[in-house]
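Let me begin by presenting the structure, written as structure tokens, before commenting on it.
Computed from the coordinates by the stated procedures, all read-outs in this text should not be read as laboratory data. Bear in mind that the values here come from a model prediction, so they are computed numbers and not experimental data. Backbone-built Cβ (ideal geometry, glycine too); neighbour counts: all protein chains shown.
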Amino acid sequence: MPEPAIHEEHDDVLGRAFDRRLAGRLWATARAHHRLVWGSVALFPFITLLELAQPYLLKIAIDDHILHADWTGLTAVAVVYAAVLGALYGLRLMEAFLMALTGQRVIHDLRARLFEHLLRLEAGFFDRTPVGRLMTRVLSDVEAVSEAFTSGLFAVVADVVTLVGVVAIMLWMDWRLALVTFAIVPVLFAVAGYFRIRARDAYREVRRRLARLNAFLQESIQGMAVIQLFAREAHERAEFQQRNEDYRRSLFTSTRFEASLYAGVEALGSVALALLVWYGGGRILDGALTFGALVAFIQYTNRFFLPIRDLGAKYTVMQAAMASAERIYSLLDRGPEVETPRATRAPAAAAGRVAFEGVWFAYADERWVLADCSFTVTPGEHVALVGTTGEGKSTCVRLLNRTWDVGRGRVLVDGVDVREWDLGRLRRHVGVIFQDPVLFTGSVESNLTLDGDGGRVAVERALSAANAAALVERLPQGLATPLVERAANLSHGERQLLAIARALVYNPAILVLDEATSSVDPESERMIRDAMARLMAGRTTITIAHRLSTIHDADRILVLHRGRIHEEGTHAALLKRGGLYARLHELGAGAALG
Ligand SMILES: Nc1ncnc2c1ncn2[C@@H]1O[C@H](COP(=O)(O)OP(=O)(O)OP(=O)(O)O)[C@@H](O)[C@H]1O
Ligand SMILES: [Mg+2]
């Protein structure tokens, strides 16, 4: 049964910044690139060492050479300093490069895995899950995760290594002065913590409002034609402006906290500096400290404050990454409900027999669409399935090609339960033409041979069978004519013709037409039926049609009502019976005449 969890998932929930289980899985994902990761980690100590060497070189330069007017010695120190700078630059470059590379590879891998996973999920999942949410998974969640690699976890480790080094060297140089500097730390943590939390809450609001803006935009663009047709522009504009304004406001709040944080830390840094100059100056006068040592100290203090200031930002990055990872893995863990079983069973003969045996089916809960529905279609038979709107005709088709699985009962194709078929084989065996043809961006030909191995001969045979050859000839570049998104450059009827041809390319043993010809003119429809009669001779066909006139000549007509087959027989027999079919027919004829 469908689970509701996906709907209740919130995209703006941030939890822990580190979760061992998730981190373990992330590591497993990144393991393919472990050399890159270890490569950048191995650079950390060297970078720290070089960073810490700089202020100390300054101290040596001042105390041992400048104050003694030793020009040659000073030059030597300057050369060493330049060398350290150069090496640091090189290592930093390498580190940034390795981290970015790791992040990008992880993004790439995760994205590929997510998309592959989506390809396996069943139709019901896509009904329940908003498109926007899946776009977020594949596009932004993977990026948030990769941030954990580029500026989250490893950057924190690097910072901690630096901090430990700085603290040690400061204590070693002059522990009294070091303690004076550290006195600021609790205040620093308090200020950074306060603004960081406020900034994070504000940022969460920013994301929420951005999501609302996106959702609105997406819907407006998709429905633009209808908006313009019903002159709803003013309403849409006002709504959009409202959301846009909300977004701007939240962004502003977030920026304010962010700015306060940075300004606060700067100010504290200045206070620390003042304390150092005051106390350190006193110690120089006492002869307990050299002038160079004080300068070095001031520099160390800077290197001490920056990582602490950025720790909060990295914490947020990690939180976002963990939340995204959680969502990504919960999607990946959600196995397809409909998939090829481990042990498949092939039918003895692919004759085209269909049997529904006591089928019960509900899309959700216990709202049964089909209730104890049974019927059979023998090989080569042409059966029509009729019923009023929403009665469950398309549902029968979805059960037949296993877009959904039955609740109870069985659907058999050539004597084998569809749940035992190899899915790919089943779907080539049962060709379905839907009410709403879906075509993709690409040429007409690529749309006809979706999995690429149709072959030109099969395409041409299918086109003529669907009477679509003339249509293709009319197109500016024939089979090579490009189709735009959703094939918007074709009429609905033209799209249906191509969809029919597409189903015929695979030469299926069972052909299902679900209102497939509702949008072509009666003349074309007749031609399609004639052509198909030729092609489908000896093949099983199930036709669903509202216009009953199109199914008079079916071998048998099944009338679906209240979830089961209410009556069945030939057109003449059913009319004579004077039941539901006769009534539908009367209404249909009336409508057609009126
Ligand atoms: N994906 C879905 N999720 C939930 N309910 C659905 C879904 N598709 C259809 N339904 C419901 O199941 C019932 C049967 O739908 P179905 O599409 O099979 O009707 P139909 O007989 O093909 O109707 P029509 O003649 O309009 O095509 C309807 O009440 C519909 O609301
Ligand atoms: Mg339908």
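Quick notes on this one:
- This ranking places 236, 95 by how few other beta-carbon atoms lie within 10 Å of each, fewest first, which gives 236, 95.
- Per-residue Karplus couplings for region 539-545, computed as 6.51 cos²θ - 1.76 cosθ + 1.60 with θ equal to phi - 60°, are listed in order as 10, 7, 10, 10, 10, 10, 8 Hz, Gly and Pro entered as x.
- Point-charge dipole on Cβ atoms (K/R +1, D/E -1) for region 312-398, about Cα centre, debye to 20: 360
- In region 175-288, Cα pairs under 8 Å separated by at least six residues give a relative contact order of 49 percent.
- Net charge dipole, region 354-593: roughly 180 debye, given to the nearest 20, about the Cα centre with Cβ charges of +1 for Lys and Arg and -1 for Asp and Glu.
- Extension gain, residue 488-residue 197: 0.36 nm per intervening residue step, less the Cα-Cα distance, totals 99.9 nm.
- Options 55, 259, 336, ranked by Cα towards positive dipole end of the chain, top entry (Cβ charges): 336
- Here the chain carries DSSP beta bridges of which approximately 55% are antiparallel, counting only pairs with both residues inside.
- Summed residue charge, Cβ within 14 Å of residue 98's Cβ, Lys/Arg positive, Asp/Glu negative: +2
- Mean separation of Cα contacts under 8 Å, 6 or more apart, over the residue count of the chain: relative contact order %: 15
- Estimated 222 nm signal from helices in the chain, with DSSP H stretches of n ≥ 4 weighted -39500 (n - 2.57), rounded to 500: -20500 deg cm²/dmol
- Those aspartates and glutamates that a straight Cα-Cα span of less than 18 Å connects to residue 576, excepting residues fewer than 8 apart in one chain: 553, 555, 567, 568, 586
- Residue-count net charge about residue 361 - beta-carbon cut-off 15 Å; Lys, Arg +1, Asp, Glu -1: -1
- A Förster radius of 25 Å combined with the Cβ-Cβ distance from residue 577 to residue 526 puts the calculated FRET efficiency at roughly 0.35.
- Restricting region 150-239 to chymotrypsin sites (Phe, Trp or Tyr not before Pro) that sit in a DSSP loop and have at most 15 other Cβ atoms within 10 Å of their own Cβ leaves 230.
- Local electrostatic count, residue 376, Cβ distance below 13 Å [Lys/Arg +1, Asp/Glu -1]: -2
- Charge-dipole axis of the chain as Lys and Arg at +1 and Asp and Glu at -1 on Cβ define it, positive-most pick from 90, 42, 362: 362
- Residues whose placed amide H lies under 5 Å from that of residue 374, excluding near-sequence neighbours: 358, 359, 565
- Dipole size of the chain about its Cα centre, with +1 on Lys/Arg Cβ and -1 on Asp/Glu Cβ: approximately 460 debye, rounded to the nearest 20.
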